[in-house]
Every structure is written in C-alpha cells, then in structure tokens.
Amino acid sequence: MRNITAIFLKQISDTLKNKPVLIQFILFPALTVIMETCIKIDDMPEHFFVKLFAVMFTGMAPLTSICSVISEEKEKNTLRALIMANVRPAEYLAGVGAYIFLCCMGGTAVFAVMSGKSGKDLAIFVMIMAAGIIISELTGAVIGIAADDQMAATAVSMPVMMLLSFLPMLSMFNETIKKISSVFYSQQISRLINGDGTSESTLVIGINFILLVIGFIVIYRKKGIE
Amino acid sequence: MNTITAEKLKKSFGNKTVLDEIDLEIKSGEIFGLIGPSGAGKTTLIRIITGQLTRDSGTAHIFGIDSTELSQEDKAHYGIMMDDFGVYDRLSCFDNLKLFARIYRVGNSRINRVMNEVGLADAAHTPASKLSKGMKNRLRLARAFMTEPDILFLDEPTSGLDPAAADGIHKMILDKKAQGRTVFLTTHSMSEAQKLCDHIAMLCDGHIVEYGTPDDICRRYDSKRSIMVHLTDGTDLVLENSTKGAQRLCDLIKMGQAGSIHTSEPDLAEVFMELTGKELTA
C-alpha cells in the first residue's frame, strides 16, 4: 500500500506539470460546461452535449493518459528504477491506474452535475462512466506495455482512441457504422448513457472487458512491464 | 569478509554468451572495479548480482544470500546507480528523491542530507530537465544513497562527464569507502579504475581476463617496461628493460650524456590491450 501511495502522489506532482496529460482530464468536461451553458437549439435532445462528450471522455482520457504515462516511464527507464527500488509491477499499475481513475471520476462529476440527474439515475450514470473508464484504462495499459517507447505507443493509441471516441457519434448518422460500432464497449456505454441500453449492452461491455483482461495478461507475460 | 561472491556464473542471450564462468570475490569495504569495453557484460553482471536478471548457471551471493532469493529487506542494504536509470524530468530534484524516500520510508531530513552530500542542495527545487548530465548523475547517486546502503553498485557513474564533474563523483565514491561501504564500480576508464579501485577485474567478451590490484596487474605485465633517457643534447632515447639496455645506460652515464632517466611502466589500458587486443572505448 505504501508503494501504491508513493506512485499515486508522484503522479499528482507529475501530472500537474504534464500539460498533454492534464488537458485530457479537463478538455471534455470544460467543453461540456461551455456548450451546455451557451448553446440552446430547438429540438436538440436534452443534455445532448453531456451525452456526446461523456462518451468521448471515457474513450479518450483514460486510454491516452495511462498509455502515455506507462510508455514514457518505459522509454526513460524510470520504471526500471522503481522496480529496482522494490516497487512491484502490480503496485505501479495500481498507483497510476487509481490516480487516472480518480482524475477521470472528477471529470465524471462535472458531467453528472451538467446532466441534471439525481438519485438512482445519477448513481447509474456514474457507474456506467466508471465502467467505461476502467475498460479504457485497461486498453491504454495494454498499448503502453506492448509499446517500446512513447512514439510507438502514440502511433497505436491515437487510432484506437479515435475509433472508440468517435464511432458512437458517427453511428448517429450512419446505420452501417452503428452496426460495426456495436461490438465496441464505447458504443454500448453511449447507448446506456442515452438511456437505450439493453442486456446486449452489458454483455458486449463484459466481453470487451474479458478480452482486454486476457490481452493484458498475454502482453504482460510476454513483454513484462519494463 | 567477502560481501559479494560469484562462482562459475554464466548468462547467454540467445546464442550470444554474455558472461562465461565468471568467478568474483569482493571484500567488505573495498572499491571493486569491473572494467571492460561497452558490451563486455558489465551491466549484465550487476543486474544478475542484484537480482534484476536471472542467470543461466553458477551462483551469485550478496552477504551470503543467493541473488535470486533477496528479500525486500535485503535489497535495502544496497543502492544501485545504473547509467540508464532515468529521472523524472518534470519533477524537481527534491520531488524525485521524495518519491524514493516514500518507497524506502525515510524522512525529508534524509533527503536534505543526501542532497547536501552530492552537492545538489542549491538545485533542490530545479526541475530535473534543467540539470546538466553531471547534475543528473548526482541525482541518480543521491537516489542510490537514500537508504545509506552497505553496498553501492555504480554503473559507469562518470560516463560522458567532464573531468571536473567526474572528479566530484570520484570524491563522493572515496567518501563512501571511508565510511566503510563497499563499492562495485563499472567503468571503461582505466585512469578512473587506477585512481579509485582496490581491486579490479578486466572483463572482455564475457570472460574475466585479469584480476588483482591495479599496481599488481601493471607489475605482472611490466615486460614492456622501458627506460627513457633524456640526453644532454636535448634528444630522448628509449632503452629496453634488459641487460643490454642497462649496459647502454651505464655507458651514457659514464660519458656524462644522460641528463635524466625515467622508467616507463605499462598502464591498465596497455595491459588490457595486451590481454585482449582490444581498446577500451565508451
């Protein structure tokens, strides 16, 4: 627990000075506040921007930030220094993962306030967002561990992030895209947030999660964290 | 008492044998230098001894404990400074050390003491990205000193530094020896090894080709020792270290032609060259 706390506190100091990662946590919540406050169009679904940006946020922020943090530590060999100081790989991942999860939940709090939800609806919204954030973190961790350096990690994480973040939005306009994107957890998160989720949504999210856990174990065993 | 021992240590990566039948005995309180060119296997040996890497065969012990069975408590007894260990560029020197202080459960007073020790006190709040290479090496050293370890593994601590910065680090290493700590140093600088080390081992292509004190090693290979005579007419004459050379020297002295006489002994770099046919390069 001591090592997890140390990594967590290090991550706070580091992120405050790491603008590319910091902006990931702020961008979509800030955009939501601005758009929801400033733009009022007739016939626009209620809290349209909350639903739109919340999905983009879950697909983008956790994935790119954890991927960036892990790949940077690998590239600069700071991770090796931590492992040599008796930090276990699981402790490192827990420290970084917990920090990014809490940052993203901070963003979720903004979405929750802007959505105007309360009581049970609010709790369900937060849980859906938490599930999306955890799966995205897992995706980012797999890419970060698999990549040898930051450049390689970005080359993979960018298209994956675009796919997960934008497919739900594009699927609003195209049936084919909607069918394709239905196999991705971010599309199902979008459906759940929009209130038209089904048992299929939970199933797809569950399958995505299991596949990513398997992928994580395979990559971790093959490449190790260093 | 031996602090570190290795017997018949072997390690290969694929078909390439990096370490082959390595035997080592490092005594408590000494500075031991492992010297060899890049790719000789120096870092691999440190990584095996410190339990970062598994060996293929043989044994390695620190304080009598097998390197594969070192507990977290055992590992607190040694500090490692690897040449390629990174620092957190965005964090200040203090924050970099604070992270490791939390991991090692040591207080801020220890951070301040270590920063004073390595001469980083004035740069405590400077981001690591703004430090020179020498200062970054000091930060890495400070990290290795955090737990006041009994053994220090220093992997090329002065690599790429200017002479003044290297001299500062040499002083710190000698201070650690004076405090009774054991230092395991790898270097490709023979002058550094000659200046600091009590014993050295020369590593080449995975084999230890020579072991001993720097002076002993040089003496063992003094067949090339020569005598240089500075003649009164301003020219220099190099004579062989042989009966014939001695006779010629006597003649020069008798004739009053010898202005000054100097002996030339092989240094470690020449010995290494003679043993391996290779030059030491970074």
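What angle, in degrees between 0 and 90 and rounded to the nearest 10, separates the Cα long axis of helix A:89-115 from the longest principal axis of the Cα atoms of chain A? In chain A, helix A:89-115 runs at an angle near 20 degrees to the longest axis. For segment B:158-168, 3J(HN,Hα) computed residue by residue from phi via the Karplus equation (6.51, -1.76, 1.60; θ = phi - 60°) reads 10, 4, x, 9, 6, x, 5, 5, 5, 4, x Hz, glycine and proline entered as x.
For chain A, what is the mean residue ellipticity at 222 nm derived from helices alone (per DSSP H run of n ≥ 4: -39500 (n - 2.57); sum divided by total residues; nearest 500 deg cm²/dmol)? Walk me through the numbers on the way to the answer.
Numbers: 10 runs with 187 residues, N = 226.
Calculated mean residue ellipticity at 222 nm is -28000 deg cm²/dmol.
Kindly provide the chymotrypsin sites (Phe, Trp or Tyr not before Pro) of segment A:1-51 that DSSP labels as loop, not H, G, I, E or B, and whose Cβ sees at most 12 other Cβ atoms within 10 Å. Passing both the DSSP loop test and the Cβ count: no residue. Sorted ascending by nearby beta carbons within 10 Å, beginning with the fewest, B:198, B:84, A:43 become A:43, B:84, B:198. Start at zero, step by 10 Å, and the Cα-Cα distances of segment A:1-144 spread as 12, 39, 29, 14, 5, 1, 0 percent across the bins.
From the square roots a ≥ b ≥ c of the eigenvalues of the alpha-carbon gyration tensor of segment B:127-166, which class results: rounded (a/c under 1.5), prolate (a/b over b/c), or oblate? Working shown, then result.
Details: a/c = 2.82, a/b = 1.40, b/c = 2.01.
Since a/c reaches 1.5 but b/c is at least a/b, the shape of segment B:127-166 is classed as oblate.
Just to be sure I understand the curve: with the Debye formula and one point per C-alpha of the protein assembly as shown, what is log10 I(q)/I(0) at q = 0.08, 0.09 Å⁻¹? So the normalised log intensities work out to -0.65, -0.76.
In chain B, what % of DSSP beta bridges are antiparallel (nearest 5)? Expressed as a percentage, antiparallel bridges in chain B total about 65.
Considering only B:74, B:66, B:20, the mean-square fluctuation computed in a Gaussian network model of chain B, springs between alpha carbons under 10 angstrom, is largest for B:74.
Entry note, chain A: relative contact order of 27 percent, from Cα contacts under 8 Å with a spacing of 6+ residues. Springs between alpha-carbon atoms under 10 Å, Gaussian network over chain B: tell me which of B:268, B:252, B:139 tops the mean-square fluctuations. Highest fluctuation among the options: B:252. By other beta-carbon atoms within 10 Å, ranking A:167, B:174, A:203, B:53 with the fewest at the front produces A:203, B:174, B:53, A:167. This model, with +1 at the C-beta of Lys and Arg and -1 at the C-beta of Asp and Glu, gives chain A a dipole about its Cα centre of some 540 debye. In this structure the amide hydrogen of residue B:204, modeled in the peptide plane, comes within under 5 Å of the amide hydrogens of B:209, none closer than 5 places in sequence on its chain.
Give the percent of DSSP beta bridges with both residues in segment B:145-249 that are antiparallel, rounded to the nearest 5.
Values: 10 of 15 bridges.
Among the beta bridges of segment B:145-249, antiparallel pairing accounts for roughly 65 percent.
For segment A:56-103, applying the loop criterion from DSSP together with a ceiling of 10 other beta carbons within 10 Å to the trypsin sites (Lys or Arg not before Pro) yields no site.
In percent, how large is the relative contact order of segment A:3-73, given Cα pairs closer than 8 Å and 6 or more residues apart? All intermediate terms of the calculation are to be shown ahead of the outcome.
Values: 27 pairs, mean separation 24.8, N = 71.
Here the relative contact order equals 35 percent.
Percent relative contact order of chain B, based on C-alpha pairs within less than 8 angstrom and at least six residues apart? Write out the running numbers ahead of the final one.
Values: 527 pairs, mean separation 60.7, N = 282.
This gives 22 percent for chain B.
For residue A:94 and residue B:215, what is the calculated FRET efficiency with R₀ set at 56 Å and r taken between the beta-carbons, to the nearest 0.05? Kindly include the intermediate steps, with their values, before the conclusion.
Details: r = 52 Å, r/R0 = 0.94.
Once rounded, the FRET efficiency stands at 0.60.
Considering only A:178, A:117, A:19, the mean-square fluctuation computed in a Gaussian network model of chain A, springs between alpha carbons under 10 angstrom, is largest for A:19. Per-residue shielding of B:89-102, expressed as the average number of other chain Cβ atoms within 10 Å of the residue Cβ, stands at 4. Summarising the strand pairing of the protein assembly as shown, around 65 percent of its internal DSSP beta bridges are antiparallel.
Amide H to amide H distances under 5 Å link residue B:79 with B:151, B:152, B:153, where only residues 5 or more positions off or on other chains count and H is placed in the peptide plane.
Fewest neighbouring Cβ atoms within 10 Å first, the residues A:183, A:160 line up as A:183, A:160.
Each value in this text was obtained by applying a stated rule to the coordinates, not by laboratory testing. A quick note: this is a predicted structure, and the numbers were derived from the prediction, not measured. Note that each Cβ is placed from the backbone with ideal geometry, even for glycine, and that neighbours are counted across all protein chains shown.
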